[in-house]
Amino acid sequence: MNIKNILGNGMLLLATLACHAQSTVAKPLQPVAPGKAAAKSQPDGKIGAPVSVELISGGATSKNVTLPVQLQFKTDQPNTPLQVEYRSNDGLSLVTLGTATLISNQQGIVTDTPNVRATADGVYDLNVFVTVGDRTRAVSIPVTVGNAKPVKKASGKAMRTPQGEDLTIMPAQEKSQ
């Protein structure tokens, strides 16, 4: 073989590999039926923790007032330790500790009540990270302070990436000034 054939075959091989790589990355998203949970198909099992977080009470307050935010954690595993971390966005501060270790009861339920405070009217997020074993779930709990208008959740379209991850495509929103 001469050098031209070797280089030509090498270029052909590189072009073939590049096309294959592009076709595996550029797969279209698969729609998910509304109201149905999408199936997770990640081989390493690193999906979110098997726990739900619900606001029981304390979603609204006045500025400069400490608000107890009562949350309920539900899992299908009784007597399970949950590592919880609370983080707030700018404008909302945690009054209590930012972490907690909770143990679910026989029904898989446990509650916790972090306290928050804000110095200005607005809608803030209390971000809750719950770890069960080696899996974590993140949830944002809206906290309304003062006369702020709650933010409407825009409806989105549920999709699934080629890797099996859930994705919600949200419509663009015009920002009011």
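Of interest is the spacing of the C-alpha centroids, which for region 100-117 and region 122-147 amounts to 13 Å.
Between T96 and N115, the simple spin-label model (points 7 angstrom out along Cα→Cβ) gives 0.9 nm.
Here, each number is a calculation from the coordinates, and none is a lab measurement. If you're wondering where the values come from, they're calculated on a predicted model, not measured in any experiment. When we count neighbours, we look across all protein chains shown, and the Cβ atoms used for this are built from the backbone with ideal geometry, even at glycine.
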